[in-house]
Amino acid sequence: MNKPLILKNTIQKYAWGSHIAIQQLTDTAPSEEPWAELWMGAHPKSPSKVQIDGQWVSLDELIHRFPKKILGEKTAKKFNNTLPYLLKVLAAEQPLSIQAHPNAAQAQTGFNREADAGLDINAPTRNYKDRSHKPECICALTPFTGLKGFRKIDSAVDLLACYCPKTMSEGIKALKNKNLKIFFQSLMELPQSQKKTVIQEAIENSKKQIAPDITSEWILKLYQQYPNDIGVISPLFLNLFCLEPGQALFLPAGELHAYLYGLGIELMANSDNVLRGGLTPKHVDGPELLNILNFAESEIDILLPESVSDCEGTYPGVAEEFDLSVIQVSDSRTYVSPKNRSVEILLCTRGNADLSYDSGTVKSIHIKKGDSVLIPAAANVYQLNGKAAFYKASVPV
């Protein structure tokens, strides 16, 4: 287990996915079913596979057999012989649900509570699929739009007063009293008939905009898909962002968010725990969502890669499970990996390159756009030569 291994990955086919985006990245024909996510990692739900002695072996099984060689001794000890991150390509043709993820203590408590209650791990009402928290990073491959965190209260008050002055008068009062939790809880608990009235007022005022801004546009778009969901007005109280390719955001535990449109790289702790708040036909557990949310004003803090060499930049990170880097090689720039590394996954998003390594004899692997490679911690220094761009997931060392 001292050489790079090509990954065979799984596709998650959710209704909000795209028929062409991930397909174009992986040089695959458009599909009848939407492809939403490409998973690279060892999550038990859909682990990647590697070829060993002519047979395809799941990555979680391989790590179980060779934890220190694959992960490195430090990572294996710290994360109980498991790969601590999950790398994805996410293609949102339609909005994802408004959601948040628990912190580590909340995930442990929630998982144990649902397990003790006898709730099947695959039950549609199950909130906690594992015992892990799920900090995550989203990095745009195309222009990428989403919602992230509660707006500054003054901004939310102004927007609600513009779009829903009559139906949200009580909510506006709660916000003016600086109580985001009461505002959001009362919104979630409105009777359905009252929610429809709020939505209709917001839609009528959105249509009146002479030069519709992005807020009006997204209220109308969300209404087209979820006409009875109070999440339609979420752009009024959540920060609406649009990332340009290469820009990224970090999402900590407890932060309400939704991805609306675009293709991006998503890197997260190895968890599938989601608490939903709207814009979805799936289970919404309002009380549990309220328990885990961080009710604080926020702003959008866009991340850009910080140079660590002439062809690698690393996004500033605050998660102990993962780092995200971008690598670009050309005729004049060759990437040489550091000697001190953790387990890495490389995804090629543009071009072609040769990955050369020494495992007794010098060998190389040709990598093209859409290919991904696992680099075990026990592998020697490797090089990337060619004209290509890569995203690299790793564990901080």
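Hey, among the residues in region 185-232 that are of a type outside the set (A, V, I, L, M, F, W, C), under 24 Å from the mean Cα position of the chain (by Cα) and closer than 15 Å to C162 by Cβ, which one's surrounded by the most Cβ atoms within 10 Å (Cβ to Cβ)?
It comes out as T215.
Can A140 be described as at pLDDT 95 or above, under 30 Å from S216 (Cβ atoms), among the small types (G, A, S) and in contact with a Cys (Cβ under 9 Å, 6 or more places away or on another chain)?
yes
Of E312, E321, E299, E306, which residue is surrounded by fewer than 14 Cβ atoms within 10 Å (Cβ to Cβ) and more than 24 Å from L240 (Cα to Cα)?
E306 is the lone residue from the list that is surrounded by fewer than 14 Cβ atoms within 10 Å (Cβ to Cβ) and more than 24 Å from L240 (Cα to Cα).
Restricting the search to region 110-142, which residues are of a type in the set (S, T, N, Q) and either closer than 25 Å to N80 by Cα or assigned to a helix (DSSP H, G or I) (or both)?
The answer is N112, N122, N127, S132.
So which of N270, N352 is under 28 Å from P34 (Cα atoms) and surrounded by 16 or more Cβ atoms within 10 Å (Cβ to Cβ)?
The unique qualifying residue is N270.
Scan region 239-263 for residues that are in contact with a Ser or Thr (Cβ under 9 Å, 6 or more places away or on another chain), in a strand (DSSP E or B) and not small (G, A, S) and jot them down.
N239, L240, F241, C242, L243, Y259, L260, Y261, L263
Hey, could you check region 233-259 for residues that are of a type outside the set (G, A, S), touching a strand residue (DSSP E or B) at 6+ places or on another chain (Cβ under 8 Å) and farther than 27 Å from C164 by Cα and say which is surrounded by the most Cβ atoms within 10 Å (Cβ to Cβ)?
The selected residue is L249.
Would it be correct to say that A123 is at pLDDT 95 or above and more than 15 Å from the chain's Cα centre (by Cα)?
When the stated conditions are applied, A123 does not pass them.
Quick check on this structure: which one of D27, D60 is exposed (fewer than 14 other Cβ atoms within 10 Å of the Cβ), over 25 Å from A258 (Cα atoms) and of a type outside the set (K, R)?
Checking each option against the conditions leaves just D27.
Could you tell me which of the residues E266, E288, E299 is more than 17 Å from the chain's Cα centre (by Cα), touching a residue at least 40 places away in the same chain (Cβ under 8 Å) and either part of a strand (DSSP E or B) or more than 27 Å from N127 (Cβ to Cβ) (or both)?
E299
Results for (1) of a type in the set (S, T, N, Q); (2) more than 16 Å from E299 (Cα to Cα), shown as yes or no for each residue.
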| site | (1), (2) |
| --- | --- |
| I219 | no, yes |
| P235 | no, no |
| N239 | yes, no |
| G246 | no, yes |
| L249 | no, no |
| G264 | no, yes |
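The values are calculated or read from the model by the stated rules, or taken from the named source; none is laboratory data. Quick caveat: nothing in here was measured; it's all calculated off a predicted structure. With ideal geometry, Cβ positions are generated from the backbone for all residues, glycine too; neighbour counts draw on all protein chains shown.
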